[in-house]
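To keep things clear, I will list the structure first and then write my remarks on it.
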Amino acid sequence: MNGIFISFEGIDGAGKSTHIDGLAQAFRAQGRALTLTREPGGTPLAERIRQMVLNDTMDPMTEALLVFAARRDHLQQVIQPALARGDVVLCDRFTDATFAYQGAGRGFDWQILSQLEKWVQGFGQGTMVQPDLTVWFDLPASVAAQRLSSARVPDRFEAQPQHFFETVACGYARRQTENPVRFAQINADQPPAGVWVDVLAAMQSRGYLL
Ligand code: TMP
C-alpha cells in the first residue's frame, strides 16, 4: 500500500487536535498503519528546536531557519521512512505553517522560503516531499482569539495580537491559491460535529477513508 502524507493547518485556536485524533482512530479502524506526528517537532532534535522557537526571542530569519532545520531532521528520521513503509502520516502542521507564520506573519521573504522548501524537502532526482493533502482549518482570527483567551499560558505565537493571526490566515489563503489541489479548506467556525463531517468528507472524496 502506498503511504499517504496528510498535514493539518490553521491559526492557533482553530481546533485541529481533536480532529487529528479522530482521524487517527478512523484510519486504524480501517486497518492502516499510522504515524502521528507534529511540527516543529517529531524527533528528539526537532522537539528541542520546538522549545526554542516557541519560547526564545529571535529574528524572523532565525525562526525560519530553525523550523526548516527541524523539518529536515523530521523528514529524514520519521516522515520518509513512514511513507516508505506505507503508513498514513498525520502531521500537525508542516511547511504551510512556515509560509503563514514566518512569511506572512513575521514578514520574512516568501521567495526565500520557497527556495528553502525546495532545498529541505528535496531528496534527489528533482523530487520534493509534499503532503498529498493539507487540511486547512479556516477560522476568523476574532473567533480564534476568544477561544485562546481561556487557553493555557500562551507561547510566543499564541501571545500575538489578533492582527498577527489575520495576517497568518492571509498567508494560508495565499498558499491555498498557489496549491489548490493539495488544499482542503474546512470551515472551522462551526460546532465540532460539523467540522468533523467536513474533515471526513475531505478524506472520503480522495479515497483515503471509506
Ligand atoms: P501548535 O501549537 O499547533 O503545535 O504549533 C506550534 C506553533 O508553532 C504555532 O503557533 C505555529 C508555529 N509554527 C511556526 O511558526 N512555523 C512553523 O513552520 C510551524 C510548523 C509552526
Where in region 128-210 are there helices (runs of 4 or more DSSP H), lying wholly inside it, with at least 1 residues that are among the charged types (D, E, K, R) and within 14 Å of the chain's Cα centre (by Cα)?
162-178
Looking at region 1-87, what helices (runs of 4 or more DSSP H) fall wholly within it and have at least 1 residues that are open to solvent by 10 Å² or more (accessible area, probe 1.4 Å) and farther than 25 Å from residue 115 by Cβ?
16-29, 44-55, 80-85
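Scan region 91-101 and give yes if some residue there is assigned to a helix (DSSP H, G or I), among the aromatic types (Phe, Trp, Tyr), within 11 Å of the ligand (Cβ to nearest atom) and open to solvent by less than 60 Å² (accessible area, probe 1.4 Å), otherwise no.
For region 91-101, residues assigned to a helix (DSSP H, G or I), among the aromatic types (Phe, Trp, Tyr), within 11 Å of the ligand (Cβ to nearest atom) and open to solvent by less than 60 Å² (accessible area, probe 1.4 Å): present.
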List every residue pair whose Cβ atoms lie under 6 Å apart, where the two residues are 6 or more positions apart in sequence or sit on different chains, the first residue falls within region 103-123 and is within 15 Å of residue 175 (Cα to Cα), and the second residue, located anywhere, is assigned to a helix (DSSP H, G or I) and open to solvent by 60 Å² or more (accessible area, probe 1.4 Å).
104/170
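For every residue, the table says whether it meets (1) without any contact (Cβ under 8 Å) to a residue 60 or more places away in the chain; (2) touching an Asp or Glu at 6+ places or on another chain (Cβ under 9 Å); (3) hydrophobic (A, V, I, L, M, F, W, C).
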position: 140; (1), (2), (3): yes, yes, no
position: 152; (1), (2), (3): yes, yes, no
position: 169; (1), (2), (3): no, yes, yes
position: 172; (1), (2), (3): no, yes, no
position: 181; (1), (2), (3): yes, no, yes
position: 192; (1), (2), (3): no, no, no
Looking only at region 83-130, how many residues end up being closer than 28 Å to residue 25 by Cα, among the charged types (D, E, K, R) and in contact with an Asp or Glu (Cβ under 9 Å, 6 or more places away or on another chain)?
3
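The values are calculated or read from the model by the stated rules, or taken from the named source; none is laboratory data. Keep in mind that this is a model prediction, so the values were computed, not measured. Reconstructed Cβ throughout: ideal geometry from the backbone, glycine too, with neighbour counts over all protein chains shown. These accessible areas exclude ligands, DNA and RNA; they are computed on the full protein's heavy atoms, side chains included. Shrake-Rupley method; radii C 1.70, N 1.55, O 1.52, S 1.80 Å.
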